[in-house]
Amino acid sequence: MLRVGPLTLKTNGLLAPVAGYFDLANRLVTRGVPGVPCRPQHLGGPHDIGDGTYGALGLAFTELLCPHSLLKESDKAMWRAATSPEDLPVGMQLYGSDPVTLADAARWAQDHGATVIDINMGCPVDKVTKKHGGSKLLCEPDHAVTLTRAVVQAVNVPVTTKIRLGWDDDQIIAHTLPPKLCDAGSSMVTVHGRTTAMKFKPSVRLEGIAAVVEAVKAKHPDIPVIGNGDITTPDDAAKMIDVTGCDGIMVARGAFGQPWLFRDIAYRLATGDNPPPYPRADRARCVLQHFENLARLRGEPNAVRTMKTRISKYSAHLQPWPGLRRSAQTLTCAASFRDFWHAGIEALERGESPPGAENLAASQA
Ligand SMILES: Cc1cc2nc3c(=O)[nH]c(=O)nc-3n(C[C@H](O)[C@H](O)[C@H](O)COP(=O)(O)O)c2cc1C
């Protein structure tokens, strides 16, 4: 069981904060994928990986939130911070460098549904680092500690930190900063196994994550360390834990278009095997669910527009489906979106090839 302060998570699979992607609508889809009942040998009996209602996701995060916009309650910030009772437990991630403002924003987050407050110490984007926030904090370790302490003192919910290995190869902080963040009250440390200079490419450095685990455990054996970077399959998740000794995994890009990944990971980690593939009709249902969530939360025109930008990610996991991406771009209203996906789901359930949008329109004419 993964514990974050007083909180016990259902699984050790965490959905990463991803700006512009894992909003409330998308998180609810990911949480909605049912768990897999299974009978792992070593657990000695039937075991439900996830409770079948909220799926196998342990904890999810909002994208990084600007404290000033949050406190001003700007429309954009309110959507980025939006959560709901079905979206629990949820971490709200804050960035910045001013302890007073960050503490105020943390109180706001606590009052508006955050189960956990996360401090971003990994963002490489200039707009954030130029103001000494995000991964720039890795270059100013004393300030990172001060900031953490200020937020911990401001709220009653657990405070966590998300870091990289350092700014660049000359400034690796894996052994030094993470234990100090825990001294200051961080209840969990997530480490993206790259430096800021690496941005999002060359491969993640598992040995760097292992160094963070070693440093934290030497001083704070009960504080979980979460490994992050390049996990796209259940085997990647198992490797992350085996090689680094981390307590749990966080997935960002690997969960684009495959919200059932956490179900697969939970099964793999509990049994050592990969689960039966998530049925294609159910995969297509995730797309429709994503659309309906957006329609409810943001209105149908927004839902149609947004899903067009999401479809290529889902499409990769729905093949074979001839012409899916092209067809999806021709859907201009909510009714045509629903008709198209309902017809696709029904065809997949019958074991047939789903119709393209043109065929569907012709058959309905
Ligand atoms: C488009 C994009 C937006 C991201 N936004 C955030 C963010 O808001 N906060 C954060 O801590 N990390 C953010 N990240 C980093 C991810 O959370 C994660 O650490 C990184 O992508 C490595 O994990 P992955 O290999 O599973 O993608 C973002 C990454 C991407 C690609």
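The values are calculated or read from the model by the stated rules, or taken from the named source; none is laboratory data. Here the structure is a predicted model, which means the values were calculated and not measured. Cβ coordinates were reconstructed from backbone atoms using ideal geometry, including for glycine residues, and neighbour counts include every protein chain displayed. Please note that ligands, DNA and RNA were not included when accessible areas were found on the heavy atoms of the full protein model with its side chains. Shrake-Rupley method; radii C 1.70, N 1.55, O 1.52, S 1.80 Å.
Give the residue from 182, 135, 156 lying farthest towards the positive end of the charge dipole for the chain; charges sit on Cβ (+1 for Lys and Arg, -1 for Asp and Glu) and the dipole is referred to the Cα centre.
Going by the charge dipole, the pick is 135.
Which trypsin sites (Lys or Arg not before Pro) in the stretch 272-354 pass both tests, a DSSP loop state and at most 15 other beta-carbon atoms within 10 Å?
Of the trypsin sites (Lys or Arg not before Pro), the ones in loops of the stretch 272-354 whose Cβ has at most 15 other Cβ atoms within 10 Å are 350.
For the stretch 87-192, report the accessible area per residue in Å² (1.4 Å probe, heavy atoms, rounded to an integer).
35 Å²
To the nearest 20 debye, what is the magnitude of the charge dipole of the stretch 2-271 about its Cα centre, counting +1 on the Cβ of each Lys and Arg and -1 on the Cβ of each Asp and Glu?
That gives the stretch 2-271 a dipole magnitude of about 180 debye.
Measure off 7 Å from each Cα along the Cα-to-Cβ vector at residue 243 and residue 342, then give the distance between these two points in nanometres to one decimal.
So the two model labels end up 4.7 nm from each other.
Check residue 93: other-chain or 5+ apart residues with amide H under 5 Å from its amide H, H built from backbone geometry?
Here the answer is 62, 65, 118, since their amide H atoms fall under 5 Å of that of residue 93.
Once label points are set 7 Å from the Cα along Cα→Cβ at both residue 199 and residue 3, what is their separation, rounded to one decimal in nm?
Simple spin-label model gives 4.2 nm for this pair.
What percentage of the solvent-accessible surface of the chain, computed with a 1.4 Å probe over protein heavy atoms, is contributed by carbon and sulfur atoms?
52 percent
Per Stokes-Einstein, at 10 °C and 1.306 mPa s, what whole-number D in µm² s⁻¹ belongs to the chain, with the Kirkwood radius over Cα pairs as the hydrodynamic radius?
75 µm²/s
Among 297, 351, 341, flag the residue with its Cα farthest along the positive direction of the charge dipole of the stretch 280-364, charges on Cβ as +1 for Lys/Arg and -1 for Asp/Glu.
297
Using a 1.4 Å probe, what is the accessible area per residue for the stretch 280-364, in Å²?
49 Å²
Can you spot the lysines whose alpha carbon is less than 26 Å from residue 10's alpha carbon? Ignore those fewer than 8 places along the same chain.
Qualifying lysines at Cα under 26 Å: 162, 217, 219, 239.
How high is the relative contact order of the chain, given as a whole-number percent (alpha carbon pairs under 8 Å, six or more residues apart)?
Rounded, it is 14 percent for the chain.
Please report the antiparallel percentage of DSSP beta bridges with both residues in the chain, rounded to the nearest 5.
Looking only at bridges with both residues in the chain, the antiparallel portion is about 20 percent.
Rounded, prolate or oblate: which fits the stretch 274-365, taking a ≥ b ≥ c as square roots of the Cα gyration tensor eigenvalues, rounded meaning a/c under 1.5, else prolate when a/b beats b/c?
Oblate.
Would you work out which of 95, 244, 258 lies farthest towards the positive end of the dipole of the stretch 2-271, given +1 charges on the beta-carbon of Lys and Arg and -1 on that of Asp and Glu, about the Cα centre?
Farthest towards the positive end: 258.
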